[in-house]
Amino acid sequence: NQAQIGVTGLAVMGRNLARNLARHGYTVAVHNRTAARTRALVEEFGHEGDFVPAGTAEEFVAALERPRRLVIMVKAGGPTDAVIEEFAPLLDEGDIVVDGGNAHFADTRRRERALRERGIHFVGAGVSGGEEGALNGPSIMPGGPVEAWEALRPLLEDIAAKAADGTPCTAHIGPDGAGHFVKMVHNGIEYADMQLIAEAYDLLRTVAGYEPARIAEVFRTWSTGRLDSYLVGITAEVLAHTDAATGRPFVDVVADAAEQKGTGRWTVQTALDLGVPVSGIAEAVFARSLSGHTGLREAAAGLPGPRGRALDEGEAARFADRVEQALYASKVVSYAQGWNMVRAASEEYGWDVDPGAVAAVWRGGCIIRAAFLDRVRAAFAADPALPTLLADPGFAEEVGGAQQAWRETVAEAVRHGVPVPGFSAALASYDALRAGRLPASLVQAQRDYFGAHTYRRTDRAGSYHTLWGGDRSEVSADI
Ligand code: NBP
């Protein structure tokens with residue numbers, strides 16, 4: 001009884017992925033460094049399908065039909081390398097190794113190259129949706145050789161989430177690190193989305209004077225419209241929840257320090273390397289890190305400034321409507337920034353990523369799943385060369401329609417001392433992009449002054465330098 005696929009690494013993610021495969025009728029070889037996990041899986045879930053437990057790496061490899069397909073689902077970083085080193089000598093040319101962990105795309109590029117030299121196909125697959133998604137249908141973003149994708153495709157399409165139109169939420173993203181890159185950007189966008197939602201909550205609480213249960217209702221209403229998404233849905237549930245121990249709103253008993261596992265930080269670090277502005281994601285990462293700086297916060301707690309107000313019922317309702325518009329417009333900008341980043345990496349690494357396919361894969365299964373993504377997919381389908389989401393006529397019209405309310409929301413937040421780094425960074429990005437001319441001309445002139453960095457002119461070609469320390473005449477800087 002040869003297994004069609006194997007999963008090694010049976011913590012929550014690997015175990016649930018193996019069960020998902022078995023529930024879809026595949027025979028799944030299962031293996032884990034600590035054999036107790038393998039035994040536990042078969043004891044608890046053996047009735048769900050056809051598992052082949054393997055105690056050793058050799059037994060695991062021997063259980064797989066050829067060409068072998070094996071999925072590694074272990075802790076990202078060193079453990080993934082250790083597992084690859086353990087298995088690679090046991091494999092044959094043409095076998096396929098899938099890394100479903102949260103690898104950094106640069107590691108995936110390195111591993112793909114090393115295994116390619118040994119004739120082994122390496123697929124770096126981003127998997128989103130947490131443990132629930134792994135079991136019932138994640139969004140899967142595989143990058144690697146196209147032959148390997150073709151060999152995995154039927155299995156991945158079976159176990160992936162399905163979008164509302166029934167399409168599986170998986171697609172070949174591109175070669176080597178493309179899949180893990182896109183998964184990283186997904187997580188960056190997730191950070192931005194969560195921050196924007198949190199800012200909307202803060203405004204409704206601190207300026208409109210709404211209680212959490214009331215805000216839950218507002219989010220529920222919003223989720224019937226263009227903000228319909230998994231994250232807005234769970235936000236409403238969290239805000240409606242009461243802490244059993246104290247009877248207080250749950251959100252009030254949770255310590256206000258947001259943690260991070262690092263994929264948001266990777267996104268921003270990579271964006272800096274690529275030279276792509278992702279201010280929405282960066283502000284979200286910084287907001288989490290600021291929240292954890294207890295010492296700084298305590299030291300600054302007494303500084304002067306306003307903190308909120310309470311509007312009357314009618315004003316509050318109008319304010320909430322403006323916040324919805326600000327949230328939506330900011331969301332469009334931060335998604336646009338994420339796609340700009342995917343495009344830049346695709347050009348840098350020659351990946352030829354289809355931006356519409358990325359949106360399609362995120363429609364279901366993953367944390368940022370939302371009705372909105374179908375519109376993003378459609379925008380790129382209508383114009384694959386779309387330079388930015390903001391240039392799509394539909395999104396441009398919506399953001400244009402929201403911009404007045406967006407400005408008023410940011411102004412109101414500033415006036416009442418409510419920090420809205422996500423809303424205001426997105427608005428600044430929008431205004432900078434649409435401005436005909438930027439003060440960057442002055443910055444470049446300053447650079448020429450102190451560092452002879454030269455400048456280009458608006459009225460003729462070439463590079464120039466002004467002799468600032470001399471007679472201030474202009475010289476050509478072209479060699
Ligand atoms: P963990 O990230 O907690 O990793 C635990 C697994 O790694 C266990 O199977 C453990 O084996 C194995 N492992 C370690 Br640690 N070091 C090893 C080594 N040197 N050799 C062999 N195996 C080793 O598991 P997870 O939360 O299921 O996540 C798996 C992957 O999926 C990670 O890369 C994670 O970033 C990614 N991911 C997780 C989520 C999520 O929601 N949790 C979502 C999306 C992606 P042992 O049992 O012998 O200790």
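The values are calculated or read from the model by the stated rules, or taken from the named source; none is laboratory data. This structure is a prediction, so every number in the text was calculated from the model and none was measured. Neighbour counts are summed over all protein chains in view; Cβ atoms, including those assigned to glycine, are modelled from backbone coordinates with ideal geometry. What goes into the accessible areas is simple: the full protein's heavy atoms, side chains included, and nothing from ligands, DNA or RNA. Shrake-Rupley method; radii C 1.70, N 1.55, O 1.52, S 1.80 Å.
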| region 47-81: which GluC sites (Glu not before Pro) are DSSP loop and have at most 14 other beta-carbon atoms within 10 angstrom? | GLU65
| Förster radius 25 Å - calculated FRET efficiency between ALA88 and VAL146 (Cβ-Cβ, nearest 0.05) | 0.75
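Summing -39500 (n - 2.57) over the DSSP H runs of n ≥ 4 in the chain and dividing by its residue number, what mean residue ellipticity at 222 nm do you reach, to the nearest 500 deg cm²/dmol?
Taken over the chain, the calculation gives -17500 deg cm²/dmol.
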| query | Put +1 on the Cβ of every Lys and Arg and -1 on every Asp and Glu Cβ in the chain; which of GLY350, GLY417, ALA35 then has its Cα farthest towards the positive end of the dipole? | reply | GLY417
| request: Just need log10 I(q)/I(0) for region 221-268 at q = 0.14, 0.17, 0.19, 0.33 Å⁻¹, Debye formula, equal scatterers on the alpha-carbon atoms, no solvent, rounded to two decimals. | output: -0.55, -0.74, -0.83, -1.06
| query | Where nothing but the Cβ of Lys and Arg (+1) and of Asp and Glu (-1) is charged, how large is the charge dipole of region 305-438 around its Cα centre, in debye to the nearest 20? | reply | 320
| request: Note the angle between two axes, namely the Cα long axis of helix 279-292 and the longest principal axis of the Cα atoms of the chain, as a number of degrees from 0 to 90, rounded to the nearest 10. | output: 80
| request: With a cut-off of at most 13 other beta carbons within 10 Å, and DSSP calling the residue loop, which chymotrypsin sites (Phe, Trp or Tyr not before Pro) in region 176-248 qualify? Please list them. | output: none
| Folded to 0 to 90 degrees: helix 35-45 orientation relative to the chain principal axis, Cα | 90
| query | What aspartates and glutamates sit close enough to LYS162 to cross-link, taking a C-alpha to C-alpha distance under 16 Å and skipping anything fewer than 8 places away on the same chain? | reply | GLU132, ASP374
| Neighbourhood net charge (14 Å Cβ-Cβ; Lys/Arg +1, Asp/Glu -1) for THR466 | +1
| query | If one takes the longest principal axis of the Cα atoms in the chain, at what angle in degrees, from 0 to 90 and to the nearest 10, does the Cα axis of helix 421-434 lie? | reply | 70
| Sum of side-chain charges, LEU389 neighbourhood, beta-carbon under 12 Å (Lys, Arg +1; Asp, Glu -1) | +1
| field | Hits among aspartates and glutamates - C-alpha to C-alpha of LYS75 under 17 Å, sequence gap 8 or more where chains match | value | GLU85, GLU86, ASP99, ASP107, GLU131
| field | Fraction of accessible area attributable to carbon and sulfur, the chain (%, probe 1.4 Å) | value | 53
| task | Report the charge-dipole magnitude of region 178-221 in Debye, nearest 20, computed about the Cα centre from +1 at each Lys and Arg Cβ and -1 at each Asp and Glu Cβ. | result | 80
| field | Å² of accessible area per residue within the chain, as computed with a 1.4 Å probe and no ligands counted | value | 46
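Can you give the % of DSSP beta bridges in the chain that are antiparallel, to the nearest 5? Write down the numbers at each step before the final one.
Values: 13 of 35 bridges.
Bridges in the chain that DSSP calls antiparallel: roughly 35 percent.
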| note | With ARG343 itself left out, Lys, Arg at +1 and Asp, Glu at -1 over residues whose Cβ is under 11 Å from its Cβ give -4
| What residues qualify as long-range amide H neighbours of ALA258, i.e. H under 5 Å apart, gap of 5 or more or another chain, H built at 1.01 Å from N? | SER291, GLY292
| request: Would you please give the FRET efficiency between HIS293 and ASP374, computed as 1/(1 + (r/R0)^6) with r the Cβ-Cβ distance and R0 = 35 Å, to the nearest 0.05? | output: 0.35
| query | What span do the alpha-carbon atoms of region 347-461 cover on each of the three principal axes, reported in whole Å from largest to smallest? | reply | 53, 47, 24
| Once the dipole of region 293-447 is set up with Lys and Arg at +1 and Asp and Glu at -1 on Cβ about the Cα centre, which of ALA301, PRO439, ALA326 lies farthest towards its positive end? | ALA301
| Interchain or long-range residues, amide H under 5 Å from GLY6's placed H | ALA29, ARG69, LEU70, VAL71
| said: Residue by residue through region 332-338, what is 3J(HN,Hα) from phi via Karplus (6.51 cos²θ - 1.76 cosθ + 1.60, θ = phi - 60°)? Round to whole Hz and write x for glycine and proline. | reply: 4, 5, 6, 5, 4, 5, x
| Any idea what the dipole of the chain comes to, in debye rounded to 20, about its Cα centre with Lys/Arg Cβ at +1 and Asp/Glu Cβ at -1? | 620
| task | Rounded to whole Hz and in sequence order, give me ³J(HN,Hα) for region 185-199 from the Karplus expression 6.51 cos²θ - 1.76 cosθ + 1.60, θ = phi - 60°, writing x for Gly and Pro. | result | 5, 3, 5, x, 4, 4, 4, 5, 4, 5, 5, 4, 5, 5, 5
| message | I'd like the Karplus ³J(HN,Hα) series for region 75-91: coefficients 6.51, -1.76, 1.60, θ = phi - 60°, whole numbers in Hz, and an x wherever there's a Gly or Pro. | response | 4, 5, x, x, x, 5, 4, 4, 5, 4, 5, 5, 8, 3, x, 8, 9
| query | Which part of region 247-268 falls in the paramagnetic zone of ARG307, meaning amide N under 14 Å from the point 7 Å along Cα-to-beta-carbon? | reply | 256
| message | For region 266-342, which trypsin sites (Lys or Arg not before Pro) pass both filters: DSSP loop (anything but H, G, I, E, B) and at most 12 other C-beta atoms within 10 Å? | response | ARG307
| remark: Taking every alpha carbon pair in the chain and sorting the distances into 20 angstrom bins from 0 up to the bin holding the longest one, the percent per bin comes out as 22, 47, 27, 4, 0
